[in-house]
1. Counting GluC sites (Glu not before Pro) as exposed when in a DSSP loop with at most 16 other beta carbons within 10 Å, what is the longest stretch of the chain free of them?
2. Using only the C-alpha atoms of the chain, find the volume of their convex hull and express it per residue in Å³.
3. If the only charges are +1 at each Lys and Arg Cβ and -1 at each Asp and Glu Cβ, what is the size of the charge dipole of the chain around the Cα centre, to the nearest 20 debye?
4. As I understand it, the dipole of the chain uses +1 on the Cβ of Lys and Arg and -1 on the Cβ of Asp and Glu, about the Cα centre. Which of GLY159, LEU32, GLN74 lies farthest toward its positive end?
5. For ALA208 and THR58, FRET efficiency with R0 = 35 Å and r from the beta-carbon atoms, rounded to 0.05?
6. Which cross-chain or sequence-distant (5 or more) residues have an amide H under 5 Å from the amide H of ASP76, H modelled 1.01 Å from N in plane?
7. For the stretch 97-192, taking Cα atoms only, what is the radius of gyration to one decimal and the Dmax to the nearest whole Å?
8. Return one quarter of the surface area of the convex hull spanned by the alpha-carbon atoms of the stretch 172-302, equal to its mean projected area, in nm².
Amino acid sequence: MAEKADLLGMTLDETKTFAKEMGEAAFRGQQLYGWMQKGVPIEEMTNLPAAFRKKLQTECTYRLPRILQKQVSQIDGTIKYLMGMLDGECVESVFMRYAHGNTVCVSCQAGCRMGCAFCASTLRGRSRDLTASEILGQVAVIGRDTGERIGGVVMMGIGEPLDNYDNTVRFLHLVSQKEGLNIGLRHISVSTCGLVPKIYQLAQEGLAVTLSVSLHACHDSVRDRLMPINRTYPIESLLEACQQYFDKTGRRVSFEYTLISGENDSIEDAAALAARLRRTIHGPCHVNLILLNPVRETAFAAPGRERAKEFCAYLEKRGISATIRRKLGSDIDASCGQLRLNHVENANPKYK
Ligand code: SAH
């Protein structure tokens, strides 16, 4: 049997053509597209003829996620969502308010197979990739739930975007469409643990997104332990790919550096990091320091805030632009991946 059409994965033009193929006028496609971008279920698309809606429901797939759980921070209004997919898989998405606008953090895989030692998302491996429509659906549903304009997206939820490359690139095209959610590529960050060949590929796509690289260590011996991907693509090869990304796109590369007590947070580490970046990256770069969010299943701990400040000040002194990431939603604190993990473990006793 042919696969059902994936409605939310279509561009405006594709939706219009599709409506025509279903025997409707093109403007019905336009109406349908408008509703989908607003995260509206088919039964509520009130200006579409009932017969057309029925046909859509039976003959197509509409991969709009369902909100299974929602935590709202009383401190800063951050909202964390557990989103259910049609097949029962679930992921997390977060809505964050910043002075410059609202940003949504999306997941791109159910689980992750990258194996970073400090991360909750990877603890049970990867169940499957999300489709581009499922990634887009997270943004659409959050837009509807909050009723607010979303100005930016970060691909920093569960999963590795470059390990789900085609769906990620398709999503970037869909979410930035003028007629749709219209989120400018310049307001989108793609975060990666360092799949070097895919960084080169992304640099060729002509998409002006910010590349955010999870570095977390400046010595291969440490990074090999924290992030197994480093055994395949060591730091020097990763930094060369970052330089190439900047040369091709003109976009400043940003590095994530999660501070983990006793692992990568000494002043010697800061010195080595600064020296390494200065040597390899010719062009603007920025280091985002993050205090580890401790994960129950691992033994890692976060250093104190003072140490983070010293680390940051040292980088700055050596000419490397750095900031400590402000922590949003500290009262709804579960690390990314933990909401899903709890859900998976409770729903599937075999995991226990
Ligand atoms: N796979 C992508 C996106 C994942 S998560 C990547 O690796 O970049 C986004 C960021 O959160 C990454 O920098 C990741 O390393 C970091 N992260 C994961 N677990 C963390 C934790 N427990 N505390 C702090 N940061 C964490």
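The values are calculated or read from the model by the stated rules, or taken from the named source; none is laboratory data. All of these numbers come straight from a predicted model, not from anything done at the bench. Glycine also receives a Cβ, built like all others from the backbone with ideal geometry; neighbour counts cover every protein chain displayed. Areas reflect the complete protein model, heavy atoms only, side chains present, ligands, DNA and RNA absent. Shrake-Rupley method; radii C 1.70, N 1.55, O 1.52, S 1.80 Å.
1. With GluC sites (Glu not before Pro) excluded where exposed in loops, the chain gives 4-147 as its longest stretch.
2. So the per-residue hull volume is 146 Å³.
3. Rounded to the nearest 20 debye, it is 340 debye.
4. GLN74
5. The calculated FRET efficiency here is 0.30.
6. GLY329
7. 13.3, 41
8. 8.7
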